[in-house]
Amino acid sequence: MTTAAVPDATELFSWLLQPRNRPDPYPLWERLARHPVAHTADGTYLVSGYHDITQLLRDPRVSSNRHVEQTPKGRTVARGEDGKPVGRRLLTQDPPLHDKLRRQIMRHLMPRITGLRDHIESLVAGLLDAHATDGPGQLDVVADLAYPLPVTVICELLGVPHEDEPVFSEFARRLTRGLDPAESLTEQQLDELLGTRLRMRDYMVDLVRKRRDSARDDLVSALLEGGGDDGPMAVPDLISNLGQLLVAGHETTVNLIANGTLALLRHPDVLGRLRDEPRTATLLVEEVLRYDPPVQMVGRSALTDIEVGGAVIPRGSRMRLLLAAGNRDPRRFADPGEFRPERAGNAHITFGGGLHYCVGAALARTEAQVALTALARRLDGPRLVADPPPYRDNAILRGPNRLSVAFDRLAR
(Lines give C-alpha, C1' and ligand atoms only; values in the text may rest on other atoms or scores of the structure.)
Protein backbone atom coordinates (compact mmCIF):
# COMPACT_ATOMS: atom_id res chain seq x y z
CA MET A 1 0.00 0.00 0.00
CA THR A 2 1.37 3.43 -0.89
CA THR A 3 0.41 6.96 -0.03
CA ALA A 4 -1.47 8.84 -2.72
CA ALA A 5 0.56 11.90 -3.64
CA VAL A 6 -1.25 15.17 -3.05
CA PRO A 7 0.12 17.64 -5.55
CA ASP A 8 -0.54 20.76 -3.52
CA ALA A 9 0.21 19.53 0.03
CA THR A 10 3.62 21.21 0.09
CA GLU A 11 2.22 24.48 -1.15
CA LEU A 12 -0.80 24.42 1.17
CA PHE A 13 1.39 23.76 4.19
CA SER A 14 3.82 26.53 3.22
CA TRP A 15 0.86 28.91 2.98
CA LEU A 16 -0.21 27.89 6.48
CA LEU A 17 3.19 28.94 7.76
CA GLN A 18 2.94 32.40 6.22
CA PRO A 19 1.94 35.13 8.73
CA ARG A 20 -0.57 36.65 6.30
CA ASN A 21 -2.76 33.58 6.76
CA ARG A 22 -2.69 33.70 10.55
CA PRO A 23 -6.08 35.48 11.06
CA ASP A 24 -8.02 32.67 9.34
CA PRO A 25 -6.07 29.52 8.47
CA TYR A 26 -9.15 27.30 8.52
CA PRO A 27 -9.95 27.31 4.79
CA LEU A 28 -6.40 26.00 4.26
CA TRP A 29 -6.86 23.38 6.99
CA GLU A 30 -10.06 22.29 5.25
CA ARG A 31 -8.28 21.89 1.92
CA LEU A 32 -5.50 19.86 3.52
CA ALA A 33 -8.03 17.72 5.35
CA ARG A 34 -9.49 16.46 2.09
CA HIS A 35 -6.50 14.09 2.16
CA PRO A 36 -6.28 12.72 5.73
CA VAL A 37 -2.65 11.63 5.19
CA ALA A 38 -0.51 13.61 2.76
CA HIS A 39 3.22 14.16 2.36
CA THR A 40 5.19 17.22 1.43
CA ALA A 41 8.17 17.50 -0.87
CA ASP A 42 10.63 17.18 2.05
CA GLY A 43 9.07 13.85 3.08
CA THR A 44 7.09 15.15 6.06
CA TYR A 45 3.72 13.45 6.52
CA LEU A 46 0.75 15.66 7.32
CA VAL A 47 -2.05 13.90 9.20
CA SER A 48 -5.32 15.81 9.43
CA GLY A 49 -8.08 13.25 10.15
CA TYR A 50 -9.42 13.22 13.70
CA HIS A 51 -9.37 9.46 14.14
CA ASP A 52 -5.96 9.11 12.47
CA ILE A 53 -4.43 11.75 14.75
CA THR A 54 -6.02 10.15 17.80
CA GLN A 55 -4.55 6.79 16.78
CA LEU A 56 -1.06 8.21 16.33
CA LEU A 57 -1.10 10.18 19.60
CA ARG A 58 -1.55 6.87 21.42
CA ASP A 59 0.68 4.66 19.26
CA PRO A 60 3.88 3.50 21.04
CA ARG A 61 5.54 3.24 17.63
CA VAL A 62 5.39 7.02 17.35
CA SER A 63 8.23 9.02 18.86
CA SER A 64 8.40 12.56 20.20
CA ASN A 65 12.14 12.40 20.73
CA ARG A 66 13.37 11.72 17.23
CA HIS A 67 11.29 14.53 15.78
CA VAL A 68 13.19 17.04 17.90
CA GLU A 69 16.55 15.54 17.05
CA GLN A 70 15.94 16.47 13.42
CA THR A 71 15.10 20.15 14.02
CA PRO A 72 15.61 23.06 13.88
CA LYS A 73 18.33 23.00 11.25
CA GLY A 74 20.63 21.31 13.76
CA ARG A 75 20.97 24.55 15.72
CA THR A 76 19.76 23.91 19.24
CA VAL A 77 21.20 24.51 22.65
CA ALA A 78 19.65 21.21 23.74
CA ARG A 79 22.39 19.44 21.82
CA GLY A 80 24.92 20.88 24.25
CA GLU A 81 26.87 22.64 21.55
CA ASP A 82 28.17 25.11 24.11
CA GLY A 83 29.63 22.30 26.23
CA LYS A 84 27.17 22.64 29.11
CA PRO A 85 25.08 19.72 30.43
CA VAL A 86 22.15 18.66 28.28
CA GLY A 87 18.74 18.58 29.93
CA ARG A 88 15.94 16.27 28.82
CA ARG A 89 12.51 17.82 28.41
CA LEU A 90 9.32 15.90 29.17
CA LEU A 91 7.67 16.96 25.92
CA THR A 92 10.43 15.53 23.73
CA GLN A 93 11.15 12.23 25.45
CA ASP A 94 9.85 8.71 24.95
CA PRO A 95 9.35 6.04 27.65
CA PRO A 96 10.81 5.07 29.98
CA LEU A 97 12.55 8.42 30.61
CA HIS A 98 9.38 10.34 29.69
CA ASP A 99 7.36 8.43 32.27
CA LYS A 100 9.87 9.16 35.03
CA LEU A 101 10.01 12.89 34.24
CA ARG A 102 6.21 13.05 34.08
CA ARG A 103 5.82 11.34 37.45
CA GLN A 104 8.34 13.68 39.01
CA ILE A 105 6.56 16.78 37.69
CA MET A 106 2.98 15.65 38.29
CA ARG A 107 3.74 14.55 41.85
CA HIS A 108 4.43 18.16 42.79
CA LEU A 109 2.49 20.14 40.18
CA MET A 110 -1.02 18.73 40.54
CA PRO A 111 -1.42 19.39 44.28
CA ARG A 112 -0.40 23.00 43.63
CA ILE A 113 -2.93 23.41 40.79
CA THR A 114 -5.82 21.92 42.73
CA GLY A 115 -7.69 24.57 44.64
CA LEU A 116 -6.27 27.53 42.69
CA ARG A 117 -9.64 28.73 41.32
CA ASP A 118 -10.32 31.25 44.12
CA HIS A 119 -6.84 32.74 43.71
CA ILE A 120 -7.25 32.94 39.93
CA GLU A 121 -10.60 34.71 40.40
CA SER A 122 -8.86 37.21 42.66
CA LEU A 123 -6.09 37.81 40.10
CA VAL A 124 -8.62 38.33 37.28
CA ALA A 125 -10.64 40.72 39.42
CA GLY A 126 -7.55 42.78 40.18
CA LEU A 127 -6.47 42.97 36.54
CA LEU A 128 -9.94 44.15 35.44
CA ASP A 129 -10.29 46.53 38.40
CA ALA A 130 -7.30 48.46 37.05
CA HIS A 131 -9.41 49.41 34.01
CA ALA A 132 -12.82 49.75 35.68
CA THR A 133 -14.79 52.84 34.70
CA ASP A 134 -18.42 53.96 34.66
CA GLY A 135 -17.96 55.44 31.20
CA PRO A 136 -16.76 54.29 27.79
CA GLY A 137 -13.30 52.82 27.58
CA GLN A 138 -11.07 50.36 25.83
CA LEU A 139 -9.21 47.24 26.91
CA ASP A 140 -6.47 45.24 25.19
CA VAL A 141 -7.51 41.79 26.34
CA VAL A 142 -4.11 40.32 25.40
CA ALA A 143 -1.89 42.86 27.18
CA ASP A 144 -4.22 43.68 30.08
CA LEU A 145 -5.56 40.23 30.97
CA ALA A 146 -4.54 37.24 28.86
CA TYR A 147 -0.77 37.81 29.26
CA PRO A 148 -0.42 38.90 32.89
CA LEU A 149 -2.78 36.27 34.33
CA PRO A 150 -0.99 33.05 33.29
CA VAL A 151 2.49 34.51 33.73
CA THR A 152 1.66 35.45 37.31
CA VAL A 153 0.23 32.00 38.00
CA ILE A 154 3.11 30.04 36.47
CA CYS A 155 5.72 32.28 38.14
CA GLU A 156 4.04 31.78 41.51
CA LEU A 157 4.01 28.01 40.98
CA LEU A 158 7.66 27.89 39.96
CA GLY A 159 8.83 30.32 42.62
CA VAL A 160 9.93 33.14 40.29
CA PRO A 161 9.96 36.50 42.14
CA HIS A 162 7.11 38.85 41.22
CA GLU A 163 9.52 41.53 40.01
CA ASP A 164 10.93 39.10 37.41
CA GLU A 165 7.56 38.32 35.81
CA PRO A 166 8.11 40.77 32.89
CA VAL A 167 11.41 39.03 32.15
CA PHE A 168 9.69 35.66 32.14
CA SER A 169 6.91 36.93 29.92
CA GLU A 170 9.46 38.12 27.37
CA PHE A 171 11.28 34.77 27.53
CA ALA A 172 8.02 32.95 26.80
CA ARG A 173 7.05 35.26 23.96
CA ARG A 174 10.40 34.81 22.20
CA LEU A 175 10.73 31.06 22.82
CA THR A 176 7.29 30.35 21.42
CA ARG A 177 8.52 31.30 17.95
CA GLY A 178 11.03 28.46 18.20
CA LEU A 179 8.22 25.91 18.21
CA ASP A 180 7.36 26.73 14.61
CA PRO A 181 8.77 24.62 11.77
CA ALA A 182 12.39 25.57 11.17
CA GLU A 183 11.69 26.33 7.53
CA SER A 184 9.49 29.25 8.60
CA LEU A 185 12.31 30.92 10.59
CA THR A 186 15.00 33.22 9.23
CA GLU A 187 18.64 32.93 10.26
CA GLN A 188 18.22 36.11 12.33
CA GLN A 189 15.20 34.65 14.11
CA LEU A 190 17.16 31.48 14.86
CA ASP A 191 20.03 33.56 16.29
CA GLU A 192 17.58 35.48 18.49
CA LEU A 193 15.94 32.24 19.58
CA LEU A 194 19.19 30.61 20.62
CA GLY A 195 20.25 33.78 22.44
CA THR A 196 16.98 33.79 24.38
CA ARG A 197 17.39 30.13 25.30
CA LEU A 198 20.84 30.83 26.71
CA ARG A 199 19.63 33.84 28.72
CA MET A 200 16.71 31.90 30.15
CA ARG A 201 18.91 28.95 31.03
CA ASP A 202 21.28 31.28 32.86
CA TYR A 203 18.29 32.68 34.76
CA MET A 204 17.08 29.17 35.63
CA VAL A 205 20.54 28.08 36.75
CA ASP A 206 20.65 31.02 39.15
CA LEU A 207 17.10 30.31 40.39
CA VAL A 208 17.93 26.63 41.04
CA ARG A 209 21.12 27.63 42.89
CA LYS A 210 19.13 29.95 45.15
CA ARG A 211 16.57 27.23 45.93
CA ARG A 212 19.31 24.71 46.71
CA ASP A 213 20.74 27.20 49.19
CA SER A 214 17.35 28.06 50.66
CA ALA A 215 14.30 25.94 49.80
CA ARG A 216 10.84 27.50 49.62
CA ASP A 217 7.28 26.28 49.10
CA ASP A 218 7.47 26.24 45.30
CA LEU A 219 7.81 23.77 42.43
CA VAL A 220 11.54 24.30 41.92
CA SER A 221 12.29 23.50 45.56
CA ALA A 222 9.97 20.48 45.49
CA LEU A 223 11.59 19.00 42.35
CA LEU A 224 15.03 19.50 43.86
CA GLU A 225 13.96 17.74 47.04
CA GLY A 226 12.27 14.87 45.17
CA GLY A 227 10.14 12.42 47.10
CA GLY A 228 8.67 9.12 45.97
CA ASP A 229 10.51 6.31 44.21
CA ASP A 230 11.87 8.57 41.45
CA GLY A 231 13.80 10.87 43.78
CA PRO A 232 14.86 14.43 42.92
CA MET A 233 15.01 15.63 39.33
CA ALA A 234 18.53 15.99 37.94
CA VAL A 235 19.50 19.66 37.74
CA PRO A 236 20.04 19.75 33.92
CA ASP A 237 16.61 18.11 33.45
CA LEU A 238 15.06 20.52 35.94
CA ILE A 239 16.42 23.56 34.11
CA SER A 240 15.14 22.28 30.75
CA ASN A 241 11.71 21.41 32.09
CA LEU A 242 11.29 24.72 33.87
CA GLY A 243 11.60 26.40 30.49
CA GLN A 244 9.09 24.02 28.99
CA LEU A 245 6.61 24.63 31.81
CA LEU A 246 6.99 28.36 31.31
CA VAL A 247 6.07 28.22 27.62
CA ALA A 248 3.43 25.52 27.96
CA GLY A 249 1.87 27.09 31.04
CA HIS A 250 1.86 30.62 29.69
CA GLU A 251 1.63 31.09 25.94
CA THR A 252 -1.06 28.48 25.32
CA THR A 253 -3.32 30.05 27.93
CA VAL A 254 -2.77 33.54 26.53
CA ASN A 255 -4.04 32.30 23.17
CA LEU A 256 -6.91 30.37 24.74
CA ILE A 257 -8.24 33.46 26.56
CA ALA A 258 -7.76 35.72 23.54
CA ASN A 259 -9.31 33.24 21.10
CA GLY A 260 -12.20 32.73 23.49
CA THR A 261 -12.82 36.46 23.82
CA LEU A 262 -12.77 36.81 20.05
CA ALA A 263 -15.28 33.98 19.65
CA LEU A 264 -17.60 35.51 22.24
CA LEU A 265 -17.57 38.94 20.63
CA ARG A 266 -18.30 37.38 17.24
CA HIS A 267 -21.19 35.42 18.77
CA PRO A 268 -23.12 37.87 20.99
CA ASP A 269 -25.83 35.30 21.73
CA VAL A 270 -23.21 33.04 23.36
CA LEU A 271 -21.74 36.02 25.22
CA GLY A 272 -25.17 36.91 26.60
CA ARG A 273 -25.78 33.33 27.69
CA LEU A 274 -22.45 33.22 29.53
CA ARG A 275 -23.29 36.50 31.26
CA ASP A 276 -26.64 35.15 32.43
CA GLU A 277 -25.50 31.59 33.12
CA PRO A 278 -21.85 31.45 34.27
CA ARG A 279 -22.11 27.68 34.65
CA THR A 280 -21.97 27.45 30.84
CA ALA A 281 -18.29 28.47 30.98
CA THR A 282 -17.11 24.86 31.16
CA LEU A 283 -18.68 23.82 27.84
CA LEU A 284 -17.83 27.18 26.31
CA VAL A 285 -14.10 26.76 26.93
CA GLU A 286 -14.17 23.21 25.52
CA GLU A 287 -15.73 24.56 22.33
CA VAL A 288 -13.12 27.34 22.08
CA LEU A 289 -10.43 24.66 22.40
CA ARG A 290 -11.99 22.76 19.49
CA TYR A 291 -13.09 25.66 17.29
CA ASP A 292 -10.00 27.87 17.51
CA PRO A 293 -7.29 25.90 19.33
CA PRO A 294 -4.27 27.67 20.84
CA VAL A 295 -2.06 24.78 19.65
CA GLN A 296 -2.54 24.10 15.95
CA MET A 297 -0.23 21.10 15.40
CA VAL A 298 2.41 18.86 17.01
CA GLY A 299 5.40 16.98 15.58
CA ARG A 300 6.22 13.29 15.81
CA SER A 301 8.32 10.63 14.04
CA ALA A 302 7.63 7.04 13.00
CA LEU A 303 9.77 4.39 14.75
CA THR A 304 8.61 1.78 12.21
CA ASP A 305 6.33 1.57 9.19
CA ILE A 306 2.87 2.65 10.41
CA GLU A 307 -0.40 2.14 8.55
CA VAL A 308 -2.88 4.92 9.15
CA GLY A 309 -5.70 6.47 7.15
CA GLY A 310 -5.25 4.03 4.29
CA ALA A 311 -1.59 4.94 3.88
CA VAL A 312 1.76 3.71 5.17
CA ILE A 313 4.07 6.19 6.86
CA PRO A 314 7.61 4.79 6.44
CA ARG A 315 9.96 4.25 9.36
CA GLY A 316 11.95 7.36 10.24
CA SER A 317 9.51 9.77 8.63
CA ARG A 318 8.64 13.04 10.28
CA MET A 319 4.97 13.68 10.95
CA ARG A 320 2.92 16.74 11.73
CA LEU A 321 -0.34 15.93 13.46
CA LEU A 322 -2.65 18.79 12.46
CA LEU A 323 -4.79 19.19 15.59
CA ALA A 324 -6.68 22.20 14.25
CA ALA A 325 -7.74 20.22 11.18
CA GLY A 326 -8.69 17.18 13.25
CA ASN A 327 -10.87 19.34 15.48
CA ARG A 328 -12.84 20.36 12.39
CA ASP A 329 -13.06 16.92 10.80
CA PRO A 330 -16.69 16.63 9.58
CA ARG A 331 -16.51 12.84 10.04
CA ARG A 332 -16.20 13.46 13.80
CA PHE A 333 -17.91 16.81 14.43
CA ALA A 334 -21.20 17.92 12.86
CA ASP A 335 -21.01 21.37 11.29
CA PRO A 336 -17.40 21.73 12.47
CA GLY A 337 -17.05 25.33 11.27
CA GLU A 338 -19.85 26.51 13.57
CA PHE A 339 -19.22 27.70 17.13
CA ARG A 340 -21.60 25.69 19.32
CA PRO A 341 -20.68 25.47 23.00
CA GLU A 342 -23.65 23.18 23.60
CA ARG A 343 -22.43 20.50 21.15
CA ALA A 344 -22.45 16.99 22.61
CA GLY A 345 -19.43 14.68 22.68
CA ASN A 346 -16.89 17.47 22.23
CA ALA A 347 -13.79 15.29 22.62
CA HIS A 348 -11.37 17.68 20.94
CA ILE A 349 -7.68 16.84 20.65
CA THR A 350 -6.19 20.25 21.46
CA PHE A 351 -4.41 18.97 24.58
CA GLY A 352 -3.05 15.99 22.64
CA GLY A 353 -3.59 12.48 23.88
CA GLY A 354 -1.92 9.38 25.26
CA LEU A 355 1.22 9.72 27.36
CA HIS A 356 1.91 13.28 26.17
CA TYR A 357 -1.50 14.66 27.20
CA CYS A 358 -0.91 18.23 28.41
CA VAL A 359 0.15 18.29 32.08
CA GLY A 360 -1.30 21.80 32.52
CA ALA A 361 -4.69 21.19 30.89
CA ALA A 362 -6.64 21.59 34.12
CA LEU A 363 -4.90 24.88 34.94
CA ALA A 364 -5.47 26.30 31.44
CA ARG A 365 -9.15 25.38 31.57
CA THR A 366 -9.61 27.06 34.95
CA GLU A 367 -7.83 30.26 33.92
CA ALA A 368 -9.88 30.53 30.72
CA GLN A 369 -13.21 29.77 32.43
CA VAL A 370 -12.58 32.42 35.09
CA ALA A 371 -11.29 35.09 32.68
CA LEU A 372 -14.05 34.70 30.08
CA THR A 373 -16.79 34.64 32.70
CA ALA A 374 -15.46 37.82 34.30
CA LEU A 375 -15.27 39.60 30.94
CA ALA A 376 -18.85 38.60 30.11
CA ARG A 377 -20.13 39.74 33.50
CA ARG A 378 -18.26 43.03 33.86
CA LEU A 379 -18.14 44.50 30.34
CA ASP A 380 -21.20 46.46 29.17
CA GLY A 381 -21.53 46.81 25.42
CA PRO A 382 -18.22 45.14 24.46
CA ARG A 383 -17.24 45.25 20.79
CA LEU A 384 -14.15 44.59 18.72
CA VAL A 385 -12.12 47.61 17.65
CA ALA A 386 -10.62 45.64 14.75
CA ASP A 387 -11.86 42.42 13.22
CA PRO A 388 -9.76 40.49 12.52
CA PRO A 389 -7.24 41.70 15.10
CA PRO A 390 -3.50 41.65 14.38
CA TYR A 391 -1.94 38.24 14.97
CA ARG A 392 1.50 37.16 16.08
CA ASP A 393 3.62 35.37 13.49
CA ASN A 394 3.57 32.06 15.37
CA ALA A 395 2.01 29.25 13.36
CA ILE A 396 1.87 26.50 16.00
CA LEU A 397 0.87 28.50 19.09
CA ARG A 398 -1.53 30.80 17.26
CA GLY A 399 -3.30 33.82 18.73
CA PRO A 400 -3.85 37.58 18.42
CA ASN A 401 -0.99 39.96 19.16
CA ARG A 402 -3.49 42.55 20.36
CA LEU A 403 -7.22 42.32 20.99
CA SER A 404 -8.66 45.78 21.53
CA VAL A 405 -12.19 45.79 22.93
CA ALA A 406 -14.25 48.96 23.31
CA PHE A 407 -16.99 49.06 25.94
CA ASP A 408 -19.61 51.35 27.44
CA ARG A 409 -18.70 50.46 31.01
CA LEU A 410 -16.37 48.12 32.90
CA ALA A 411 -18.09 47.37 36.19
CA ARG A 412 -16.24 46.91 39.47
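Can you tell me the FRET efficiency between ASP164 and ASP99 if r is taken as the Cβ-Cβ distance and R0 is 41 Å, rounded to the nearest 0.05?
Working: r = 32 Å, r/R0 = 0.78.
Rounded to the nearest 0.05, the efficiency is 0.80.
Just how far, in whole angstrom, is the range 172-239 from the range 308-387 if you go by their alpha carbon centroids?
Centre-to-centre distance over Cα atoms comes out at 27 Å.
Take ARG58 and ALA182, extend 7 Å from each Cα along the Cα→Cβ direction, and tell me the distance between the two endpoints in nm.
So the two model labels end up 3.3 nm from each other.
How many nm is it between the label spots at ARG216 and ASP230, if each spot is 7 Å from the Cα in line with the beta carbon?
2.4
Using DSSP to define loop residues, name the trypsin sites (Lys or Arg not before Pro) in the range 315-347 whose beta-carbon has at most 13 other beta-carbon atoms within 10 Å.
Values: sites: ARG315, ARG318, ARG320, ARG328, ARG331, ARG332, ARG343; in loops: ARG315, ARG328, ARG331, ARG332, ARG343.
For trypsin sites (Lys or Arg not before Pro) across the range 315-347 that sit outside H, G, I, E and B with at most 13 neighbouring Cβ atoms in 10 Å, the list reads ARG315, ARG331.
Hey, what's the per residue convex hull volume over the C-alpha atoms of the chain, in cubic angstrom?
Numbers: hull volume 56.3 nm³, N = 412.
In the chain, the Cα hull volume divided by residue count equals 137 Å³.
What list of ³J(HN,Hα) couplings, whole Hz, do you get for the range 40-47 from phi and the Karplus terms 6.51, -1.76, 1.60, once you set θ to phi - 60° and write x for glycine and proline?
Values, residue by residue: 9, 4, 8, x, 6, 9, 9, 10 Hz.
With runs of 4+ DSSP H residues as the only contributors, calculate the mean residue ellipticity of the chain at 222 nm using -39,500 (n - 2.57) per run, divided by the residue total and rounded to the nearest 500. Spell out each step's value before the answer.
Details: 15 runs with 192 residues, N = 412.
One gets -14500 deg cm²/dmol as the mean residue ellipticity at 222 nm.
Give the accessible surface of the chain per residue, rounded to a whole number of Å², with probe radius 1.4 Å and ligands, DNA and RNA excluded. If you can, show how the numbers build up before the last one.
Values: 17500 Å² over 412 residues.
In whole numbers, the chain has 42 Å² accessible per residue.
Most mobile of LEU372, LEU256, LEU97 per a Gaussian network model of the chain (Cα springs, under 10 Å)?
Fluctuation is largest for LEU97.
Can you compute the modelled spin-label distance between LEU355 and GLU30, with each label point 7 Å from Cα toward Cβ, in nm?
Distance between label points: 3.8 nm.
Residues in the range 367-391 near a label at GLN138, defined as backbone nitrogen under 19 Å from the 7 Å Cα→Cβ point?
Flagged as within label range: 379-391.
Would you please state the base-10 log of I(q)/I(0) at q = 0.11, 0.12, 0.18, 0.22 1/Å for the range 293-412, with intensities from the Debye formula using one equal scatterer on every alpha carbon?
-0.56, -0.66, -1.25, -1.47
Give the peptides 157-163, 243-249, 26-32 in descending order of average Cβ contacts within 10 Å, highest first. Mind dumping the intermediate values first?
Working: 157-163: 15.9, 243-249: 22.0, 26-32: 17.9.
Sorting 157-163, 243-249, 26-32 by mean packing, highest first, produces 243-249, 26-32, 157-163.
The values are calculated or read from the model by the stated rules, or taken from the named source; none is laboratory data. Predicted model, so just to flag it, every value in this text is computed and none were measured. All Cβ positions, even for glycine, are placed from backbone atoms using ideal geometry, and neighbour counts span all protein chains on display. Heads up: the accessible areas ignore ligands, DNA and RNA and are worked out on the full protein's heavy atoms, side chains in. Shrake-Rupley method; radii C 1.70, N 1.55, O 1.52, S 1.80 Å.
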